[in-house]
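Have a look at the structure below before the remarks.
The values are calculated or read from the model by the stated rules, or taken from the named source; none is laboratory data. Quick caveat, the model's predicted, so the values are computed rather than measured. For neighbour counting, all protein chains shown are included, and Cβ atoms are generated from backbone atoms with ideal geometry for every residue, glycine included.
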Amino acid sequence: MVETGTNQTEINPHPEADATARGKKVFIKTYGCQMNVYDSTRMTDALAPEGYAETTKLEEADLVILNTCHIREKAAEKVYSEIGRIRKIRDARGADAKVMKIGVAGCVAQAEGEEIMRRAPVVDLVFGPQSYHRLPGLLKQVEAGHSVVETEFPEEDKFKHLPAAKPAVTRARGFTAFLTVQEGCDKFCTFCVVPYTRGAEVSRPVADIVAEARALVAAGVKEITLLGQNVNAYHGKAADGSSQGLGRLLQELAVIDGLARLRYTTSHPRDMDESLIAAHRDIACVMPYLHLPIQSGSDRMLAAMNRRHTRRDYVELIGKIRAARPDLALSGDFIVGFPGETEADFEDTLSLIREIGYAQAYSFKYSPRPGTPAAGHDEQVPEDVKSARLQRLQALLNDQQIAFNASKVGSTMEILLERKGREPGQLGGRSPWLQPVHVMASDQLIGTLQPVRITGITKFSLSAELIASPNASAA
Ligand code: SAH
Ligand code: SF4
Ligand code: F3S
């Protein structure tokens, strides 16, 4: 990511300065969802006053943290092969090897706890998402020679480490930023580990979120994506003590001077209330893009998944949202091969996708997760059937994505130029609909919004040309 050069906030203006002074280095590898990305930045910021600077070179790290994901079996298994690789690099340091400490954080840490140490004794520290604010203290125990496992689940403690009205993330890393507003999930879809790894739903108070957003914008951020495992279930405490939903929160953030774009993810269809739908109509900086997973188009599967809504509920909801914001691009998640899924159920998913029309979507083969109700189901779908269904589903989704991208060719839009592109003289950014866009433009325009005309599409991105405007050369 691009450094802003003005990465200061009231909390810790120069964290990297004291880190380099004491010369320790931390390498963090992040797996899984955007919340893990956000959490990794929180960990780096929490470690800076302890003398740790971030490094992208594993070989030189004094501390390696794997911030892991448990959502599917493959995601969890990757962690163990990565630990093996790190061990080799550590051992290659010879007598110096002991200096490198290895920590496992995130959802695998929460789900597997001590088991990680048993399978990989080289690991020094295992800590779950609820204990990141205790990281400096945990490290002291590790440095004193202890192996530490910290997977306690103190609900009320979840956001305690964030002093009121002080930002949690103390440095901006570019022109777009994530901001966690809600964590955890009470929905218990029968396939999903998140309620177990992230715990019950907790929302941060409005004032804390506004303060963090202001700090990010002051540091140069133009676009903020609000995060939550169930972000639209947000119900944070407002200044008057009342509980406030995501629609109201978006209103409060939209008035921050210099904040050009707001997004939020991931939403659940049951929590799309009227005020949030109205926010898509009324607030210009709320981008016309919504990630609203349904998982399956079959009511039988939706019931078995405990989604607690029907296909019809979803279709009607999308109708309402599109009436409020006609140019809205929709994204979703789909699972194929959930236990008991028949060919007819799967066809229902394909027909739902045709009915809705997605601009972009993620799709997965069902992966049984230990401890979740569906894992014990005796009608597991064979792997080859899952693979064949996934292929058919992805072919349809790809066609829709390409058609959506192609529909933008010839149109004009404003894009946020975020970074240098792959080719010399090229910059990369995103459209309001989250499409990657490439344009030939001067580096000085990085971090600005520019009007462009879309000239063509490559597979999943757009190419564009700048529309000369009076401010086109302003940085
Ligand atoms: N909170 C979000 C999603 C969290 S996980 C939501 O409710 O939409 C992201 C996606 O991973 C899910 O939407 C689902 O499609 C997929 N997923 C979750 N558990 C899975 C499993 N056991 N097997 C396959 N895919 C899964
Ligand atoms: Fe998992 Fe369902 Fe909660 Fe999403 S809503 S995090 S899929 S349990
Ligand atoms: Fe994975 Fe945990 Fe996110 S399981 S998807 S890292 S909440």
Task: All helices (runs of 4 or more DSSP H) inside segment 308-418 with 3 or more residues being of a type in the set (Asp, Glu) - done: 343-356, 383-406
TODO: With the condition kept exactly as written, say whether any residue in segment 95-107 is surrounded by 21 or more Cβ atoms within 10 Å (Cβ to Cβ), assigned by TED's automatic domain parsing to the domain that holds LEU138 and part of a loop (DSSP other than H, G, I, E, B).
DONE: yes
- [ ] Say whether the condition of being within 14 Å of ligand 3 (Cβ to nearest atom) and under 18 Å from LEU47 (Cβ atoms) is met by at least one residue in segment 79-97.
- [x] no
Open item on the list: Looking at SER131 and the list (1) within 20 Å of the chain's Cα centre (by Cα); (2) touching a residue at least 24 places away in the same chain (Cβ under 8 Å), which single condition is not satisfied?
Closed with: (2)
Task: Test: residue in segment 102-113 that is modelled with pLDDT of 95 or more and more than 26 Å from the chain's Cα centre (by Cα) - done: no
- [ ] Quickly run through segment 286-303 and pick out the residues that are within 18 Å of SER363 (Cα to Cα) and among the small types (Gly, Ala, Ser).
- [x] SER296, GLY297, SER298
- [ ] Sort through TYR314, TYR289, TYR358 and tell me the only one that's out of contact with any helix residue (DSSP H, G or I) (no Cβ under 9 Å at 6 or more places or on another chain), in contact (Cβ under 8 Å) with a residue 12 or more places away in the chain, away from ligand 3 (no atom under 16 Å from the Cβ) and among the aromatic types (Phe, Trp, Tyr).
- [x] TYR289
TODO: Tell me which residues, restricted to segment 247-270, are within 16 Å of ligand 2 (Cβ to nearest atom) and either buried (at least 22 other Cβ atoms within 10 Å of the Cβ) or within 22 Å of TRP433 (Cβ to Cβ) (or both).
DONE: TYR264, THR265, THR266, SER267, HIS268, PRO269
Open item on the list: If I ask for residues that are more than 19 Å from the chain's Cα centre (by Cα), within 16 Å of ligand 1 (Cβ to nearest atom) and under 19 Å from GLN380 (Cα atoms), which ones from segment 308-343 would you list?
Closed with: VAL336, GLY337, PHE338, PRO339, GLY340, GLU341
